[in-house]
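Coordinate-derived values only; no laboratory data. For clarity, every value in this text was computed on a predicted model and none was experimentally measured. Cβ atoms come from the backbone with ideal geometry, glycine included; neighbour counts cover every protein chain shown.
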Amino acid sequence: MKKTLTLILFPLALIIPIDQIHAKEDKELQKQRQEAQKERQAQKNERNQELTDSIKSFQEFTRNLKNEYSALLKDIDTEFELTQVDLQAERAAKVAAAEAEYQKKWTSLFMPTGGHMTMEALKKIEQEAKAHSDELFRIKEEAARIAHKEKMASEEQKHALLQERDTRALEEAHSLSLTKKYEPILATPIRGELTRQEKQWNEREEKDIEKTHTRNLQIVREFKNGGKLREWERNNLDKDFELQWQEKRELHTIESQQMFVNNLLMQAAQGAEVNQQEIMAKFAELGKQTKLVKIKYDTMRKKNSIIRRQEQKKLQEE
């Protein structure tokens, strides 16, 4: 019996020391992993604080930068407004001269007839009225083009200033590490494979890095994409100006035809035989053409607005 008991206890005596060794190793491994986790967390906290400080510093820098350039931009706007006043005065003087010349011709047309309108005089009035209307339109379009040219020159000046501002902002963002993508702080295996907690840490860290990079890009995007947006806006100003005067020319053509119809009415008032039904039909047709032209250009502007909204969104997200 004693011999049998000895045989049973002997294997147990061999097993117990081995288990104790494993337990000791497990504690040491756990301690190593805990220390590694503390180190990773400390590095992440340091990185997050650095980012927080960088963002705060950048926002303060750009706020002061915008204030600095705002005053310079206002000076350009003021200069353009003063130029615009001079241009408006110049146009008004040209219109006044054209009106005076037309008035002289108008008066001379009546003087020979003693106030009685002949068919020849009416024809002459029609021609002079058409010429006067065309001249006024030419003066206005010419003045508008000069003013538009000045406006675009003003926009170019502002763009140059804003480009300078954006460059300074991006240089500051770069110095604060807001334009780079940080390397994730990842757990590495310690004597074996990653634990479930370490794998979860790595997954969260990868996501945090992507989220941080996206947020930083959003912060600097205004200065990164500003030049493209401003160029796009200037191109739209040119397109809108041409569209506006294309519409005005078409409407002016219709108005010139309406003047001819008005002349027919004047002839009717002088006792000339004219087809009044035909005149009224012409008036109705010209009225319809005017509405159709306005509808056409209104539709074009609405479509442009929809397209540009998408274009702007795309540029802002680049």
Exercise. Specify the inter-centroid distance of the stretch 188-239 and the stretch 155-180, based on alpha-carbon positions, in whole Å.
Key: 19 Å
Practice problem: Would you kindly state how much longer the chain becomes between LYS123 and ALA89 on full extension, computed as 0.36 nm times their sequence separation minus their alpha carbon distance, in nm to one decimal? | Solution: 8.9 nm
Practice problem: With θ set to phi - 60°, apply the Karplus curve 6.51 cos²θ - 1.76 cosθ + 1.60 along the stretch 82-89 and write out the HN-Hα couplings as whole Hz, x wherever there is a Gly or Pro. | Solution: 5, 5, 4, 4, 5, 5, 5, 5
Practice problem: Subtract the Cα-Cα distance of ARG63 and LEU136 from 0.36 nm times their separation in residues, and report this length gain in nm to one decimal. | Solution: 21.5 nm
Quiz item: Listing THR212, THR167 from the residue with the fewest other Cβ atoms within 10 Å to the one with the most, what is the order?
Solution: THR167, THR212
Exercise. Please order HIS213, HIS174 by the number of other Cβ within 10 Å, starting at the fewest.
Key: HIS174, HIS213
Quiz prompt | Violating pairs (Cα-Cα greater than 24 angstrom) within the set LYS94/LYS302; LYS130/LYS282; LYS248/LYS314; LYS31/LYS211; LYS180/LYS224; LYS105/LYS294 | solution = LYS94/LYS302; LYS248/LYS314; LYS31/LYS211; LYS105/LYS294
Exercise. Can you tell me how much longer the chain between GLU35 and GLN312 gets when fully stretched, taken as 0.36 nm per residue apart minus their C-alpha distance, in nm with one decimal?
Key: 94.7 nm
